Amino acid sequence: MFAFGLTVVRHGETRYNKERLLQGQGVDEPLSATGIKQAEAAGLFLQNVVFTSVFSSDLQRAKQTASIILSYNSNTSGIEICYDPRLRERGFGVAEGKPIGDMKTMAKAAGQPCPHFTPPGGETLDQVRSRVKVFINTLCQEIVAKQESQPFNKVSPLKSIQDYLNNTSERLPATTNCVELQENCQESSNGTLDIHAHVLVVSHGTYIRNMVKYFVDDLQCTFPKSMKMSHAFSACPNTGMCHFVVTVDLGNKCPRTVDCIFINRKDHLEDIKDN
């Protein structure tokens, strides 16, 4: 059995996020001043995690976020960020650049709930899910191949999580429950899996929600007992973090199971003030 840790981070805030305008793929905005601070806070929070691979959407807001996060990490020297268009946000077609309320109006006129409505020229949720599946399958194949040619040192998922919590304890609010995270990690991995790699992925809100949906529907993702499903599918805040342990079938090199450690954590944003 082969397993790897997967940390997924949403990009930092842009002006369009602040003004509640849809970006999708056609609007390629840089991070706002607040977004840069959020990415820096995420970098500090993850500074001691040993990432073996880093992937990012090729849109500017995600590329900036990934670069800032790595600039704070002392364990990723020499690791290049792989910019992958499969990690892009959902395409919203004619709704891109317009207020979110306009898409809701279009959905209502079409007699459809907004989250499932596809604006003209936009991507369907099934198309987004297909991109997620292809990316995850390819990621598993690449990691296994790399392990076979150049074995990684084993990386404990508990140690990875606990390290960055311990080393940022002074910056974390009292609400952070490190004991709970330890229990979640031990519960999910059953204490038996050897974690051979740890991957960082920087992507977008709708994409990340569809990734979680794929993990649940196709890979029977498990969650900590204390987590409500409404939280699992809630909107990820800018630079919100999710952590999973992905188990790979060595026969076909495809994902077999996924265990969620946490979703949409935002402890690192406690001291960030909106500009």
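The values are calculated or read from the model by the stated rules, or taken from the named source; none is laboratory data. Quick caveat, the model's predicted, so the values are computed rather than measured. Reconstructed Cβ throughout: ideal geometry from the backbone, glycine too, with neighbour counts over all protein chains shown. We work out accessible area using only protein heavy atoms, side chains counted, and drop any ligands, DNA or RNA first. Shrake-Rupley method; radii C 1.70, N 1.55, O 1.52, S 1.80 Å.
What the table below lists for this structure:
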| item | result |
| --- | --- |
| Of all residues making up segment 209-225, the number that are within 16 Å of GLY5 (Cα to Cα) and assigned to a helix (DSSP H, G or I) | 4 |
| Strands (runs of 3 or more DSSP E) enclosed by segment 1-111 - at least 1 residues per element that are of a type outside the set (Phe, Trp, Tyr) and surrounded by fewer than 19 Cβ atoms within 10 Å (Cβ to Cβ) | 81-83 |
| Residue in segment 238-266 that is most open to solvent (accessible area, probe 1.4 Å), counting only those that are touching a helix residue (DSSP H, G or I) at 6+ places or on another chain (Cβ under 7 Å) and outside any strand (DSSP E or B) | LEU250 |
